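Q: Dropping the structure in here first, questions after.
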Amino acid sequence: MRQTALFTKTRREAPADEVAKNAQLLIRAGYVHKEMAGVYSYLSLGLRTLRKIEDIVREEMDALGGQEIRMATLHPSEPWRQTGAWEQVDVLFKIDSRTEKEYALGQSEEEIVTPIASEYAPSYKDLPVAIYQIGQKYRDELRAKSGIMRGREFGMKDMYSFHTTQEDFDRFYEIVKQAYLRIYSRCGLVAKVTEASGGSFSQKISYEFMVLTDAGEDTILYCEACDYCVNLEVAKVKEGDECPKCRKSTLKTGIASEVGNVFDLGDRYPRALGFMYKDEEGRAQYPIMGCYGLGTTRLMGVIVQAFADDKGIVWPESVAPFQYHLVSAAPNDPEVVRYADALYDDLTKKGRAVLYDDRDVRAGEKFADSDLIGISHRIVIGKDAIGGKGIEVVARSTGTVSRMTREDLLAT
């Protein structure tokens, strides 16, 4: 894409009403547009990055046997009343219709997915099954904060699984856990699996996936010698205590942001919504249900928080909106422009995703915008490139400059 055709523009100043670094940078760089507190529109650059994250999530969920569907966002009130959540869930958006019926905007999908699964899995032979979607969620947060990391409207992957035994759920949880850790790793992050309370979803212990970040909303205790980690709210240990798992180190306190969770729901929703299957002896049984959430827009915000520097966003290569940011450093030099145009065409023909800064502005402004936008590799075309000294390639994360021939760049 030529940058002259990109309808968004960068901003020099951060919006005055945003405190979180992720929101400040994403708005300045033209990735998102704020509609109101906790609600953002994702513009062309932002949508490209969000789709990269969603594709990584989708690949990992498909690999473990998850089947993607698209569930309704507008929910009838009846199943929410059956589970008791209509009165209990305080963040539920409720809508009165002109037909004198009440509806809810989905903040989770247990009340929708359980009846769906009950219709198509009436026998033990149909279980286990895992169903997921990637879509929008709505929560009536009293205080939406932290930019796109905590909103009233947000993107989420939520998966639900149904099992004949607790042991089978535990087996599947370990598979999902490893898939989640791969997702975060592919996005450049290291997440800690944290024990927490089940909250409104479950009376049992749940597990959260936490990334250390200064914009986090949770305090965790963790061990640097092993993978032990616990949310401070349910901890029976404190900072400085010996790690109860490995006994090799003392526990440290950290501020972290939740990027995913898993809940063992037991048979609560199947029992409330009448989902029973026939076991091998023909007896009716309630399945064990699991819920696995991963905030896609939240993950995007955490990535910005984790890697941004004083110049702007620093995307890991796997989620950057483009592979290369091609910059014509001498827009008034016809020879440089011809060379950059030809290189852009050649890279595009080879299937490379390139944002080409062909604007008629100073090189310094282009470099500043490139740093703000944060694409992993910047290709600079100036007189050196056409003079035989090689094409300058700058790594956004490190600032390392290397020189390549045109042929090597096209072959890389």
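Q: With respect to residue 349, determine if the residue is surrounded by fewer than 16 Cβ atoms within 10 Å (Cβ to Cβ), in contact (Cβ under 8 Å) with a residue 12 or more places away in the chain, not β-branched (Val, Ile, Thr) and not assigned by TED's automatic domain parsing to the domain that holds residue 183.
A: no
Q: Where the second residue is surrounded by fewer than 19 Cβ atoms within 10 Å (Cβ to Cβ) and the first is closer than 22 Å to residue 286 by Cβ and lies in the stretch 169-184, which pairs have Cβ atoms under 7 Å and are six or more apart or on separate chains?
A: 176/64
Q: Is it the case, given these coordinates, that residue 161 is over 28 Å from residue 288 (Cβ atoms) and either in a helix (DSSP H, G or I) or touching a helix residue (DSSP H, G or I) at 6+ places or on another chain (Cβ under 7 Å) (or both)?
A: It is false that residue 161 is over 28 Å from residue 288 (Cβ atoms) and either in a helix (DSSP H, G or I) or touching a helix residue (DSSP H, G or I) at 6+ places or on another chain (Cβ under 7 Å) (or both).
Q: Then there is this: Taking the stretch 324-358, which residues are of a type in the set (Phe, Trp, Tyr) and under 21 Å from residue 396 (Cβ atoms)?
A: 324, 344, 356
Q: Among the residues of the stretch 364-396 satisfying the criterion of being out of contact with any strand residue (DSSP E or B) (no Cβ under 9 Å at 6 or more places or on another chain) and more than 18 Å from residue 2 (Cβ to Cβ), which is surrounded by the most Cβ atoms within 10 Å (Cβ to Cβ)?
A: Ranking the candidates gives 386 first.
Q: If a residue counts only when it is within 30 Å of residue 123 (Cα to Cα) and in contact (Cβ under 8 Å) with a residue 12 or more places away in the chain, which strands (runs of 3 or more DSSP E) contained entirely in the stretch 238-341 have at least 3 such residues?
A: 252-266, 288-295
Q: Of the residues 137, 125, which is in contact with a Gly (Cβ under 7 Å, 6 or more places away or on another chain) and under 26 Å from residue 175 (Cβ atoms)?
A: That would be 137, the only listed residue that is in contact with a Gly (Cβ under 7 Å, 6 or more places away or on another chain) and under 26 Å from residue 175 (Cβ atoms).
Q: Sticking with this one: With respect to residue 69, determine if the residue is modelled with pLDDT of 95 or more, crowded, with 20+ Cβ neighbours inside 10 Å, outside the structural domain of residue 351 (by TED's automatic domain parsing) and among the β-branched types (Val, Ile, Thr).
A: No; evaluated as a whole, the condition is false for this residue.
Q: Looking at the structure I just gave you, is residue 254 within 22 Å of residue 215 (Cβ to Cβ) and modelled with pLDDT under 95?
A: Against the criterion (within 22 Å of residue 215 (Cβ to Cβ) and modelled with pLDDT under 95), residue 254 qualifies.
Q: Still on this structure, please answer the following. Find the residue count for the stretch 255-280, including only residues that are within 27 Å of the chain's Cα centre (by Cα) and surrounded by fewer than 16 Cβ atoms within 10 Å (Cβ to Cβ).
A: 1
Q: Right, something else. For the condition of a type in the set (A, V, I, L, M, F, W, C), surrounded by 14 or more Cβ atoms within 10 Å (Cβ to Cβ) and closer than 30 Å to residue 368 by Cα, what is the one hit in 85, 23, 16?
A: Within the list 85, 23, 16, the selection yields 23.
Q: I would also like to ask the following. Considering only the stretch 142-165, state which residues are at pLDDT 90 or above, under 19 Å from residue 257 (Cα atoms) and either not basic (Lys, Arg) or not assigned by TED's automatic domain parsing to the domain that holds residue 86 (or both).
A: Result: 147, 148, 149, 151, 153, 154, 155, 156, 158.
Q: Now for a different question. Would you point out which residue out of 412, 405 is surrounded by fewer than 16 Cβ atoms within 10 Å (Cβ to Cβ) and under 29 Å from the mean Cα position of the chain (by Cα)?
A: On inspection, the qualifying residue turns out to be 412.
Q: Please list, ordered by first then second residue, the pairs with beta carbon atoms under 7 Å, 6 or more apart or interchain, first in the stretch 390-404 and under 23 Å from residue 304 (Cα atoms), second among the hydrophobic types (A, V, I, L, M, F, W, C) and surrounded by fewer than 18 Cβ atoms within 10 Å (Cβ to Cβ).
A: Close Cβ pairs satisfying both conditions: 393/404; 394/401.
Q: Name the one entry in 252, 245, 177 that is out of contact with any strand residue (DSSP E or B) (no Cβ under 7 Å at 6 or more places or on another chain) and either of a type outside the set (A, V, I, L, M, F, W, C) or surrounded by fewer than 16 Cβ atoms within 10 Å (Cβ to Cβ) (or both).
A: 245
The values are calculated or read from the model by the stated rules, or taken from the named source; none is laboratory data. Nothing here was measured: the structure is a model prediction, and the numbers come from that model. Note that we place each Cβ from the backbone using ideal geometry, even for glycine, and neighbour counts take in every protein chain shown.
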